[in-house]
Amino acid sequence: MNYIEKIFKRAKLCNIVDNILYGPEPEKNCPDYEDRMNEAYKEYSKIVVKYDPKRNSELYDAANALTEVISGVYMEIGFQAGVLFMQEIYHNAESHRNEAGDEQV
């Protein structure tokens, strides 16, 4: 089983809740998205310039292409996990509605 299938198997609300309640302490200082991306790009640029000082090099192009593919895949995984969460929420709500309806009869 590959790791993406494992992600979908763990995409359960109880796992998210357990992580929130009992998981490791959250980051105290969590910069916004823009700052995190800028910092990662600066670090990457420092390393790449050691190997290829040209700004428009094949190394930069290949890394950017790789990043685009990976970010797209993870976006799709996130959306699919979100749908699984929505289905679970809907199923739980339906179960509670049915239980409440049974009690009223």
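Here are the numbers for this structure:
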{"item": "Failed item, numbered, when PRO24 is tested on (1) modelled with pLDDT under 85; (2) over 30 Å from ALA93 (Cα atoms)", "result": "(2)"}
{"item": "Whichever residue in the stretch 22-60 is aromatic (Phe, Trp, Tyr) and more than 23 Å from SER71 (Cα to Cα) and, among such residues, is nearest to the chain's Cα centre (by Cα)", "result": "TYR22"}
{"item": "Subset tally (residues that are of a type in the set (D, E, K, R) and within 21 Å of VAL83 (Cβ to Cβ)) for the stretch 1-52", "result": "6"}
{"item": "Residues being modelled with pLDDT of 90 or more and either touching a His at 6+ places or on another chain (Cβ under 6 Å) or outside any helix (DSSP H, G or I) (or both) - total across the stretch 51-101", "result": "0"}
{"item": "Per-region count, the stretch 2-23, residues in a helix (DSSP H, G or I) and surrounded by 10 or more Cβ atoms within 10 Å (Cβ to Cβ)", "result": "12"}
{"item": "Within the stretch 57-105, considering residues that are among the small types (Gly, Ala, Ser), surrounded by 11 or more Cβ atoms within 10 Å (Cβ to Cβ) and without any contact (Cβ under 8 Å) to a residue 40 or more places away in the chain, the one nearest to CYS14 (Cα to Cα)", "result": "GLY82"}
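The values are calculated or read from the model by the stated rules, or taken from the named source; none is laboratory data. Keep in mind that what you see is a predicted model, and the values were worked out from it rather than measured. Glycine also receives a Cβ, built like all others from the backbone with ideal geometry; neighbour counts cover every protein chain displayed.
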